[in-house]
Structure formats: C-alpha cells, structure tokens
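Colleague: Got a structure here, written out as structure tokens. Questions coming.
The values are calculated or read from the model by the stated rules, or taken from the named source; none is laboratory data. Owing to the predicted nature of the structure, the values given are computational and were not obtained by experimental measurement. All Cβ positions, glycine included, derive from the backbone under ideal geometry; neighbour counts span all protein chains shown.
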Amino acid sequence: MLLNYFKTEWQIIRVKKFYYLINIIGLGIGIASAILIILWVVDELSFEKMHEKADQVMLLYKKYKMGEAYKFNSSLPYPLAPSLMEKVPEITDAVRVVRHEAVISNGTDYFNERNLCATDNAYFDIFSFRFIYGDPTTALTEPYSLVLTRDQAEKYFGKGNPLGKTLEFDHKDSYTVTGVIENIEGNTYLDYDMMVPAQTIHGKTDAANSWYDHFINTYIYMSNPVIPDTLNSRLTSHIRQYMSSESTIELVAQPIRDIHLHALDEQHSRAQYIYIFSIIGFLIILIASINFTNVSTALSAKRSREIGIKKVNGAGRQELFIQFMGEAFHQVLAAFLLAMMLVELFRPWFNQMTGKSINIPYLDPVFILSMLGLIVLTTLLAGSYPAILISSFSPVSAFQGKITSGKGQAIFRTGLLVFQFIISIGLIITTLTIYSQIHYIQQKNLGYDKENLLYVYLHEDLNDKFELFRGELLTHPMISGVTRASSLPSSAWSMVRGLEWEGKDNDEIVSFAFISVDPDFVQTARMEIIEGRNFSRDYATDTARFIINEEAKKLLGFQEPVGNYFLSDSDRNEIIGVVKDFHSLPLTYKIEPLILNIWPEFYTLALIRIGPGNLQEAVDHIEKVWNKVIPGFPFEYNFVDENIDRQYRSETRIGMLSLAFTILAILITCIGLFAIATYTAQQKTKEIGVRKSHGASSSSIIYRFVAIYMKWVLLANLIAWPIAWILMKKWLENFAYQVSISMWIFVMAAIGSVIISVLTISWHAWNVSNTNPVNSLRYE
C-alpha cells in the first residue's frame, strides 16, 4: 500500500511540478525564517545561564524618586557588600563589581583596556569561570593581583603559563598575574577579560567608607531562597541604617537571569521583543501554510477522478486523510531541508545584523526536538484542511469534480488570501513605524550640538596636565572648545542624595541627575543659558554653585531660581543659572531635573569641539598634542553622535529584523498569490476565450483579472490598519518622546501592497489577455 502511495505521489509531482515547487519554496522560506527567529529567541533567553548558581544570584538596585517618578539604579555604595555579609544572615555571599579602565603595558606594548573590572575574590565563588592557571579561591585575595582571560594572557605574554608575571597599570602600579580563565563565550553581562581586587583600586579612596558615593554594583548569593518581598524589606532596612537622612531609598534584588529581559533600570522590557518576534515567526509559518492550503485545495479538483476511483474501490476517509497528510509531510520535509540550507547560507548575515554569534546546535537534543516540533506544526497547519476536505467528499462528487468548484471553497481560499495580506500589510506598517521612530530619535534636537563633538577619556596624568592640553589644542583653528566633565551630555548620572531648598513643602527626598563640568562645558556643548550666568574661571566660589535645568526649576517651584540655595548637610549651594532643557538620557526617558556643578574629582573625560573643515586634520592635531602632553598613553577617541547612536542600537537592530522578516512575509505571500493567479488563469481560459470572441479588448480582460485581487488587497488594508495602529501605539509608549503615527504610513502600506500584487499577477493578466480565443475555447 505504501508503495502505491509513493508511486501516486511521484506521478502527481511529475505532472504538477510547478505547484509542488511553489509549495516547497514558500514553506522553505517560512521555515527558515522561523528557525532563525527560534535561534534568536533561544539566544536572548540564555543570558547568565553559564553560571551554575545563576538561579540564586541577584543584583541589587536602589529605588528612589527622581522628579515626579521613581527610578532604579544598580550603582550602590562601596561598603554595602561587606556590611550585608555581616548583618544579613540570609545572604551567603556578596561581591562588588565595577568597570575599570587602565593603560596596561608588558614593558614593550601599551594598550587601553576598558573591559576590566574591579571586584572581590568571591567573584569566582559566585560566578562560573573555568580556571586554566591559578587557584580561584585565592586569585584576588592579595593586593595588586590580576586574573586574565586566555586571549588577554596570550596578547601580553604569548603562549604558556603566565602566573607570577607582571603588567604595569597607568605607568605606575605593577600587578602580578595570579590566574588565567578560559575565554568567556556564554551570554553574560560579566564578560570582563581582566579582573583586579576592588580593594586595591578603591580601598584607600574616600569612597571606601562613604555611603553617599554610589558607583559600584553589588551581587548577592543566597544558598536558601527567601521570599522576594521579605528580602527587599530587610535590604531596605539595612541600608537605611547607614543613610538615615535618605529615608525614602529602597533596595530591590533582581535575579540575574531576569536582567537581560526585565532589567529594572531600563525604561522598557526586552521581553516584549521575544513575544513580538515569536508571533512574527508563527505568522510567517502561517502565511506559508496558507499558501500550501490554497494551492493544494485548488489542485484537488484535478485529482477528482483519482479520489473517486479510490473511494469506489473501498478507500475510506481515514485512508485518504493519511495519504494526503503523508504528501503534505513529504513536502514539508523537503521544505525543511531547503530551509536548513537557507539558514546556513544567511546565518553570517543574520549574526552581523543582530550583533550575535549564533551557531546551529545540530546535536543538541532540545534543538532536535524543536525542529521536529516545527515540522509537525507546519505539516498540521499546511496539510490538515486539504486532507480533511478531500477525504470527506463522496465518490459521486469526486467524479463530478465538485471538490473545490463550489462557492464555499472559493470564499474560503479568498479568505485565506486576505488573511495573508492582512499579516503582510500589518508587518509593513510595523516596519515603517519603527524606522520612523528611529529617524525621529536620530534627528531630534537634543538641546546641544552632538555633531563634531569628540571625546577622550581622562587618565590621571592628563587630568593633572589638562590646562596645558587644553591650551595646545586651542592653537588649532578648527578646535573651538575643550572641556572636562563627569559624563557625556547624553549620559548624566543620578546622585541619590536628597537635596533640600528654601521653601520645599514636604520632607520627601528628591534626587537629581548630575553632571560635573568645568566652566567651558556649556559653551563647548553649545547649550543655552536662559537665566542667570554660566560658570566662570573668574569666580573661585563657583565650585560651590549650581546651574539647574528647566525641569529642575519646575520641581523647585521658583519663578526666579537664580540667587536661591540648595541645602545639603552643612553646605549652601547657590543657583547661579538655568540651562535650557537638554536630553541627558536616551529618549526612552523623560528629561529629568538636572544639576551642573564643578566637582573636579569626578571628571572622567574631555570633550573637544571641532569646527567645519578637514575633520581628520583636527584629529591628527589632537593626537599630536596628546602624545606630547602624556607620551606612552595610547590615543583613542570617540564622537558623541556615535555614542548616541549606540544607545539606540537595540531599536535599530529590531528595526532591521522587522524589515527582513517583513520582506520574507511579503515574498511568501507573493509566491502564493502567483500560484493562485496561475491556477485562476487556467480556470478562466475558456471564459476569456468567449469574451474575446465577443469583442472584449485585452485591456478590459487585464482589468477584470487584476480587479479580482485588488478588491481583496484593499479589504485587507482596511482590516490591517486599525490592528497595526493599536499595536504600534502600544510599542511607542516605550519612548518618552515619540513620533506620531502618520497617515502616510498607512497610505504607503496600501500603495505598496497594491503595487506588489499587481507586479505579481501582471504576467498572468498579460498572458491571458493575449491568448488566441480559438485556443482558449479548446482548453480543457
């Protein structure tokens, strides 16, 4: 019996190879899209899985009030971790982690290392890193010890065991290699390639004993689970013992496995993209399956005699159902093989677009089961309805060819086609909206000039010689401003230290964003002072004065804030000016109350304004001055506008993914439309011959043929528009500043869908309109 099934199937394939090829290509593209999305989703879900204790490790955040809203931030005071170990018995271990940077030399070569962290020895107890050389239990217990990844060890020392060898940090301190770990390949935010003791870096600074300098991350490990609310309550009570004046601050613990998708300090959750692209993957499979269903049900009329004979010879409904499901399975299997080839072909491009390093885990049991599940799902979606339909008809209906010629079946196929276009049009609107928002972000006036604003990180030596550095730079005509700051204008940091002011009407602690600047910052960044004055080198007391932004002015409630004071502990900080609001954080956040002040100890970078002209010439001059002022320190630079673009890298990649899968969905829809148009043209051959014999023109026949589909495309637009509008309105809520969803997006989607449809069926329309009526009337 099976042999007869295969013989019959092979004969059908030979006769209808065009339609079978259409089915396999459409399903192949759909399955390939689904596989890529599955691999992307699995990769997104894998963050921190590499750590054996990940389910019991948490990152601590502080929760505090910023303006009228509450925010989360993972920067915490240096003494917190050891105090938690001492006072909170539920915590088994705690570790501090903070990014550090240094110029490192092996005596021959110098490198700027920015992927370095200062931490505690418990780092290797809590997190899972495989040691090649050294003892993880003692690797960071001694001052000036150093742990490297394999690649870093080979970069500085070549092959072999580097234990006991030394590297020089910032031309002054010598660190001894005490451990080498395997290169970090899993998805983790703890992907540092050098680790040094936090006590060596920060232990002798003022911050070591301060509960008000928040700059370090704190992770806790609990061997026994604790109810989250209970834990957070105990953590909050603990920190308030040391920050009594900050009575509203709270501590919140978040499992590290949740950080990537649900980070508390992010404005929106990445998990929404998991849901979005999972749905897109399913919809693409659904579109491909609809193609299969439409083509299969349309072709079933051509197999009516075969079905009738089998029914007369005793074939039951179940037997026919199995036969047609088997045929569907074989086509899905062929499509799956095509899909795997497409995935391998486009995987490098996909990795580049998503910023990932995804490999296909062919031998992974979970992957194998997922692929089997995908094959079964696609077979059921694509083959069930045609198999049920064909197996259900009586022998008489089969011999009369009434399997698919009824009005009900035509309506069903039309409905499926409309549904395909609803999905494709919805994806077009989604993609246009995403790119419209990205363009809006990139072009929005930020309140300062981000173009041609270069920055370099300050080393201690450069900070000491900054006035010399600044003076030398300004000798070049293209350089119009040089300044220092604690952060970029686009990356202000929040100080969780409540400030009081005269006339404050409640005791609630309110925090402000801070940027520590020098007197040239406002001018160099091209910001605008709208009240009062800027900082000046002529006033030594400006180091105790503040400039606030408009949002801070609203919060304070002063009509004329200049001349009023902030009060903190024993200090009185006079407000000398108001700067026009600027975006100190990504546009997913609203503008926050912000203070500019002069605190030189917080300077971390220098900003250099370059004027019009030869940009490279100005950069060469900066490098020349750099090498003159601090020889031996590698020169590296970045631009503020590029840094801002990186802030929206996630949204840009999501936009590219959306575009790619929208194109694939449209392509699959067009493949199906082409096949159905081919079938329709064949079905209407005799009708067209009659019309032409009665004098119908080619243009009128083309119009009638195209009009059949255009009305359904327009109907699909009317249904897709409100659905897409609701979904995109919801997505845009992630941005504090958002583009309005313009009507032109919907018009573009409609025009695009019409053009794509016309181009897809135009060949058939032209072909049928130019067929000889004599041949048309003879067509069977």
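Colleague: Those residues that are surrounded by fewer than 18 Cβ atoms within 10 Å (Cβ to Cβ) and either under 31 Å from the mean Cα position of the chain (by Cα) or charged (D, E, K, R) (or both), I need them from segment 74-93; list them, please.
Modeller: Glu86, Lys87, Glu90, listed by residue number.
Colleague: Going through Ile227, Ile181 one at a time, which residue ends up being without any contact (Cβ under 8 Å) to a residue 60 or more places away in the chain and farther than 18 Å from Thr119 by Cα?
Modeller: On the way: Ile181 fails: farther than 18 Å from Thr119 by Cα.
Going through Ile227, Ile181 in turn, just one is without any contact (Cβ under 8 Å) to a residue 60 or more places away in the chain and farther than 18 Å from Thr119 by Cα: Ile227.
Colleague: Also, quick follow-up: Residue by residue through segment 593-634, note down the ones that are within 13 Å of Asp518 (Cβ to Cβ) and part of a helix (DSSP H, G or I).
Modeller: If the condition is that a residue be within 13 Å of Asp518 (Cβ to Cβ) and part of a helix (DSSP H, G or I), then Pro600, Glu601, Phe602 are the ones that fit.
Colleague: I need the helices (runs of 4 or more DSSP H) fully contained in segment 416-528, keeping only those with at least 1 residues that are in contact with a Phe, Trp or Tyr (Cβ under 7 Å, 6 or more places away or on another chain). Let's see the steps before the verdict.
Modeller: Details: elements: 460-464, 466-473, 521-525.
Of the helices (runs of 4 or more DSSP H) lying wholly inside segment 416-528, those with at least 1 residues that are in contact with a Phe, Trp or Tyr (Cβ under 7 Å, 6 or more places away or on another chain) span 460-464, 521-525.
Colleague: Still on this model: Pairs needed: first member in segment 424-441, touching a residue at least 60 places away in the same chain (Cβ under 8 Å); second member anywhere, outside any helix (DSSP H, G or I) and aromatic (Phe, Trp, Tyr); C-beta distance under 6 Å; at least 6 residues apart or different chains.
Modeller: Short answer, once both residue conditions are applied: Ile441/Tyr648.
Colleague: Out of everything in segment 621-647 that is without any contact (Cβ under 8 Å) to a residue 12 or more places away in the chain and of a type outside the set (Lys, Arg), what residue ends up being nearest to Gln443 (Cα to Cα)?
Modeller: Per the criteria, the residue is Glu642.
Colleague: Mind checking whether some residue in segment 33-47 is more than 30 Å from Pro593 (Cα to Cα), small (Gly, Ala, Ser), surrounded by fewer than 21 Cβ atoms within 10 Å (Cβ to Cβ) and modelled with pLDDT of 90 or more?
Modeller: To start, the set of residues in segment 33-47 that are more than 30 Å from Pro593 (Cα to Cα) comprises 33-47.
Next cut, small (Gly, Ala, Ser) only: 33-34, 46.
Then drop every residue that is not surrounded by fewer than 21 Cβ atoms within 10 Å (Cβ to Cβ), which leaves 46.
Keeping just the survivors that are modelled with pLDDT of 90 or more gives 46.
Yes, segment 33-47 has at least one match.
Colleague: Report whether or not Leu369 is assigned to a helix (DSSP H, G or I) and either at pLDDT 75 or above or basic (Lys, Arg) (or both).
Modeller: Yes; evaluated as a whole, the condition is true for this residue.
Per-residue answers, yes or no, for (1) modelled with pLDDT of 90 or more; (2) crowded, with 20+ Cβ neighbours inside 10 Å:
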site: Glu467; (1), (2): yes, no
site: Thr475; (1), (2): yes, no
site: Val496; (1), (2): no, yes
site: Lys504; (1), (2): no, no
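Colleague: Given (1) outside any strand (DSSP E or B); (2) farther than 20 Å from Gln559 by Cβ; (3) modelled with pLDDT of 90 or more, identify the lone condition not met by Asp581.
Modeller: Failing condition for Asp581: (2).
Colleague: A follow-up question, please. Give me the helices (runs of 4 or more DSSP H) completely within segment 691-780, filtered to those with at least 2 residues that are closer than 18 Å to Ile434 by Cβ and at pLDDT 75 or above, ordered by residue number.
Modeller: Those helices (runs of 4 or more DSSP H) span 698-732, 743-769.
To keep it simple, each residue is scored yes or no on (1) in the same structural domain as Ile608 (by TED's automatic domain parsing); (2) surrounded by 21 or more Cβ atoms within 10 Å (Cβ to Cβ); (3) within 19 Å of Ser584 (Cα to Cα).
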position: Ile529; (1), (2), (3): yes, no, yes
position: Asp538; (1), (2), (3): yes, no, no
position: Asp542; (1), (2), (3): yes, no, no
position: Ala552; (1), (2), (3): yes, yes, yes
position: Gly557; (1), (2), (3): yes, no, no
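Colleague: Follow-up. Residue under question is Gly107, and the condition is that it be surrounded by fewer than 18 Cβ atoms within 10 Å (Cβ to Cβ) and modelled with pLDDT under 90; does it hold?
Modeller: Answer is yes for this residue.
Colleague: Can you name every residue in segment 151-169 that is more than 24 Å from Phe633 (Cβ to Cβ) and of a type in the set (S, T, N, Q)?
Modeller: Asn161, the sole residue that qualifies.
Colleague: Residues in segment 188-197: is at least one of a type in the set (S, T, N, Q) and under 30 Å from Ser46 (Cβ atoms)?
Modeller: yes
Colleague: Which of the residues belonging to segment 431-455 are more than 14 Å from Asn643 (Cβ to Cβ) and crowded, with 21+ Cβ neighbours inside 10 Å?
Modeller: Thr431, Leu432, Thr433, Ile434, Gln437 - these are the residues of segment 431-455 that are more than 14 Å from Asn643 (Cβ to Cβ) and crowded, with 21+ Cβ neighbours inside 10 Å.
Colleague: Kindly evaluate Ser516 against the criterion of being over 25 Å from Glu560 (Cβ atoms), modelled with pLDDT under 95 and surrounded by fewer than 19 Cβ atoms within 10 Å (Cβ to Cβ). Spell out the reasoning first.
Modeller: Values: over 25 Å from Glu560 (Cβ atoms): yes; modelled with pLDDT under 95: yes; surrounded by fewer than 19 Cβ atoms within 10 Å (Cβ to Cβ): no.
Answer is no for this residue.
Yes or no, residue by residue, for (1) within 28 Å of Met353 (Cα to Cα); (2) touching a Cys at 6+ places or on another chain (Cβ under 6 Å); (3) modelled with pLDDT under 65:
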site	(1), (2), (3)
Tyr648	yes, no, no
Gly655	yes, no, no
Ser658	yes, no, no
Ile666	yes, no, no
Leu673	no, no, no
Ile676	no, no, no
Gln682	no, no, yes
Thr685	no, no, yes
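Colleague: On to the next question. Among the residues of segment 542-551, is there at least one that is in a strand (DSSP E or B), more than 23 Å from Phe602 (Cβ to Cβ) and over 39 Å from the mean Cα position of the chain (by Cα)? Can you show your working first?
Modeller: Looking only at segment 542-551, we keep the residues that are in a strand (DSSP E or B), and these are 545-549.
Cutting the leftovers down to more than 23 Å from Phe602 (Cβ to Cβ) gives us none.
No; the residues of segment 542-551 include none that is in a strand (DSSP E or B), more than 23 Å from Phe602 (Cβ to Cβ) and over 39 Å from the mean Cα position of the chain (by Cα).
Colleague: Quick check: anything in segment 352-366 in a helix (DSSP H, G or I), of a type outside the set (Gly, Ala, Ser), surrounded by 16 or more Cβ atoms within 10 Å (Cβ to Cβ) and touching a Phe, Trp or Tyr at 6+ places or on another chain (Cβ under 8 Å)?
Modeller: Kept after step one, since they are in a helix (DSSP H, G or I), are these residues of segment 352-366: 352-354, 365-366.
Of the ones still in play, those that are also of a type outside the set (Gly, Ala, Ser) are 352-354, 365-366.
Checking which are surrounded by 16 or more Cβ atoms within 10 Å (Cβ to Cβ) leaves us with 354.
From what is left, the residues that are touching a Phe, Trp or Tyr at 6+ places or on another chain (Cβ under 8 Å) are 354.
Checked against the condition, which is being in a helix (DSSP H, G or I), of a type outside the set (Gly, Ala, Ser), surrounded by 16 or more Cβ atoms within 10 Å (Cβ to Cβ) and touching a Phe, Trp or Tyr at 6+ places or on another chain (Cβ under 8 Å), segment 352-366 yields at least one hit.
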